Amino acid sequence: MRLWTWIGGLFARLWTWLWRLFARREPAGADPNVRFLSEDQQHALDQILQDNWDTDCILLYGAAGTGKSTIVREISQALPGKVIVVAPTGLAAANVDGTTIHRLLGFGPYPISYRHPRQIRLLKPDRRRVLRRAEIIIVDEASMLRADLMDALDWGLRKNLGKETKPFGGKKVLLVGDLLQLDPVVGDDEKSVLSEWDGHMFFDGKVWQEARLRAIRLETVHRQADDLEFAAALADSRRPERLPFAVDWLDDHLGISGESGEKVVIATTNAIADEINAAHLKELMGRYPPYEGIVPEGQKFAESEMRAPKRLYLKPGARVLIVANDRNEPRRYVNGTLAKVTRLFKSRVEVLTDEGRTIILDPYTWDRYEPQVSEQTGLLEQCPVASYTQIPLRLAWAFTVHKSQGLSFSEVHLIPGQRFFASGHAYVGLSRCRTIAGQTCQRRITEADFYWNPRLRAFLEKIEANPIWP
Ligand SMILES: Nc1ncnc2c1ncn2[C@@H]1O[C@H](COP(=O)(O)OP(=O)(O)OP(=O)(O)O)[C@@H](O)[C@H]1O
Ligand SMILES: [Mg+2]
C-alpha cells in the first residue's frame, strides 16, 4: 500500500513537472510574476494533486502573500476542466477567476438555517453535472467563510451529488486561507440564525462532526519578496511576543502622509472610501447626470444592501469596479472586475476592463429575499420581496480593507480612519503592498491597531500542533 502511495506521489510530481515544461499556457488570470513555485508551494501542490487524500478536506493556510491563491490557479491548470473554484465573496472569487458559493449552489443571499437544510435546492441537471465532473472544489479566502455557508456547501453538495451520507457528497474540498486575515462579516439579520452554531467561523460548521481536514502550511512570503525586511515585520506583527518589534520597524520605515498621490487608497470604512472616490471624480472633466437606481414602488430596499449606489455619478476616465456577474455566456466579466469608463449613454455605460475588453453595461436587477413559510411544505422558504435596478458599477480609486483582501498592489495609501475594527483588519490593510517604499499611511501604526479574535489563534495553534483536525 505504501509503495503504491509512493509511486502515485512520484507520478503526480512527474506529471506536474512535464506539464510545466511543455504546456504553453496563457489563460486569463495567469500571473506573469510566477515563474517557479517555491519548495513549500510545490510540496503543497503535490500533496493536493495526489489521487487519494487521507481526509475529506485539505486546508491550505499561510500568511498573506505566501502564494495560496497562486496554488489555486496552478491546481486549475494542472487539472483542466476538473476543478471548481469558489470564494465566499464576489471580489475574492474574481481574484482567482472563480465564482461565489452562492452562485455555484443557487443559494439566495441569506443565512441557511441548520434546522431547515431542505432550503438547499436541487439544481438543474446541467448544473448538477458540473458538480459531478469536478474532482476538487476549492474555496479561496476561507477565513471569510461563515459556519452557515460552510454547512450549506456541505448540504448542497450532498444533495446535488445524491450522496446524502457522505461529507461534501464525497467530493474533495480544498479550503484556502489565512486565519489571521479578516473573519466573516455577520450582519444584524444573520446573528439570530448563526446562534445555531458555536461560532461564526468555517471550523464551527456542523460538517466537522463527520468530516476531517488535513492542514498544509505555506511559509515563504512572495508578495514582499523584494522587501524581506517588510515581510519580516509583517510576520512579526502576527505574533504577540514579536508585535513590539514590528511596530518599531513600521515606525522607522512607513511613510506618513496626508496625501495619497497616485496610489490606490485602502481605507477602513465605506464612508472614507466613498469620499475619496467622489473627490477623484470631481477632478475629471465634464458634467454628467447621475444614473438613478430604481426600487419599484411599495418595496423597501436599504441603501446598505445596494451593491451599486442609488445615485451613481460617473465620468469618462473614471476608475470603476463591476459589481455583478455577467449573465451571458461566455462571461465577459465577473463581480469584481476592474475597469475604466470610456463612454456614457443615457441608460448604459461603456467600460474598458483591465483585461482589455470593451463592454457595454446595461442596468442590472438584484433581488432581496425574506424567509416565508411555504404553504405546501410548511418549511421556511426564501422569497424575493424587493428588487433594485442600477448600472452594476462602483467607483474604485479607493477600496475598503475588506474589499482589498486577496489583492496585491505596488503602491498603497492606507487610511485607518478612527480605528481598525475587525479581527486581522490592520494586518490585511498593511500586507497588500509589495514594498514598504510603495506604502504610505495616514498616521502612525501602534500596537493597539492589531487585534485578532482569540478563537482563531486557538484554532491555528491546534492545527500547527497536529495537522489532522478534529
Ligand atoms: N512562486 C512565486 N514566485 C513569484 N511570485 C509569486 C509566487 N507565488 C506567488 N507570487 C506572487 O506573490 C503575490 C501574492 O501571491 P498570492 O496572491 O497567491 O498570495 P496569497 O497567499 O493568496 O495572499 P493573500 O493571503 O493576501 O490572499 C502575487 O503577486 C503573486 O504573483
Ligand atoms: Mg489569496
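Values quoted throughout were computed directly from the atomic coordinates according to the rules given, and no laboratory measurement underlies them. Every value quoted in this text rests on a predicted model; they were computed, and no experiment measured them. Note: ideal-geometry Cβ built from the backbone for every residue, glycine included; neighbour counts use all protein chains shown.
Its relative contact order, with pairs defined as Cα atoms under 8 Å and 6+ residues apart, puts region 128-180 at 49 percent.
I need the shape label for region 192-231. Rule: rounded when a/c is under 1.5, else prolate if a/b > b/c, else oblate, with a, b, c from the alpha carbon gyration tensor. Each step should come with its number before you reach the end.
Working: a/c = 6.67, a/b = 2.30, b/c = 2.90.
Since a/c reaches 1.5 but b/c is at least a/b, the shape of region 192-231 is classed as oblate.
Relative to the compact-globule estimate of 2.2 N^0.38 Å, the Cα radius of gyration of region 274-326 comes out at 1.30.
Taking a threshold of 28 Å on the Cα-Cα distance, which of the pairs Lys300/Lys340; Lys166/Lys403; Lys282/Lys346 fall above it?
Lys300/Lys340; Lys166/Lys403
For the chain, what does the helix formula give at 222 nm: sum of -39500 (n - 2.57) over DSSP H segments with n ≥ 4, over the residue count, nearest 500 deg cm²/dmol?
-9000 deg cm²/dmol
About the centre of its Cα atoms, the chain shows a dipole size close to 1580 debye [charges on the beta carbon of Lys, Arg (+1) and Asp, Glu (-1) only; nearest 20 debye]. Dipole of region 194-238 computed with +1 at Lys/Arg Cβ and -1 at Asp/Glu Cβ about the Cα centre; of Met201, Ala215, Leu234, farthest Cα towards the positive end is Ala215.
Summarised as an ellipsoid, region 175-215 has semi-axes of 20, 16, 6 Å, derived from the eigenvalues of the Cα gyration tensor scaled by 5 and square-rooted, with the largest first.
Sparse packing (at most 13 other Cβ atoms within 10 Å of the Cβ) combined with a DSSP loop state is found for the following GluC sites (Glu not before Pro) in region 143-200: Glu164. Counting every Cα pair in region 225-340, what percent are over 23 Å apart? Result for the distance tail: 55 percent.
Positive end of the dipole of the chain (Cβ unit charges, origin at the Cα centre): among Ala324, Tyr313, Gln405, the Cα lying farthest that way belongs to Ala324. Overall form of region 391-442: oblate. Here a/c, set by the Cα gyration tensor axes a ≥ b ≥ c, is 1.5 or more, and a/b is not larger than b/c. Taking all Cα-Cα distances within the chain, those exceeding 35 Å account for 33%. If you take all other residues with their beta carbon under 10 Å from the beta carbon of Trp469, and give Lys and Arg +1 and Asp and Glu -1, the sum is +3.
Here the scattering of region 92-208 is modelled by Debye summation over its C-alpha atoms, one equal scatterer each and no solvent; at q = 0.18 Å⁻¹ the log10 of I(q)/I(0) is -0.94. Using C-alpha pairs under 8 Å with a sequence gap of at least 6, the mean separation divided by the residue count of the chain gives a relative contact order of 17 percent. The shape of region 288-438 can be summarised by an equivalent ellipsoid whose semi-axes, obtained from the alpha carbon gyration tensor, come to 31, 23, 15 Å from longest to shortest.
Highest mean packing first, where packing is the average number of other Cβ atoms within 10 Å per residue, the peptides 323-336, 75-88 line up as 75-88, 323-336. Cα-based radius of gyration for region 208-272, normalised by 2.2 N^0.38 Å, reads 1.59.
Summing charges over all other residues whose Cβ lies under 9 Å from the Cβ of Met150, with Lys and Arg as +1 and Asp and Glu as -1, gives -2. Return the percentage of antiparallel bridges among DSSP beta bridges fully within the chain, rounded to the nearest 5 %. If we restrict to bridges inside the chain, about 50 percent are antiparallel.
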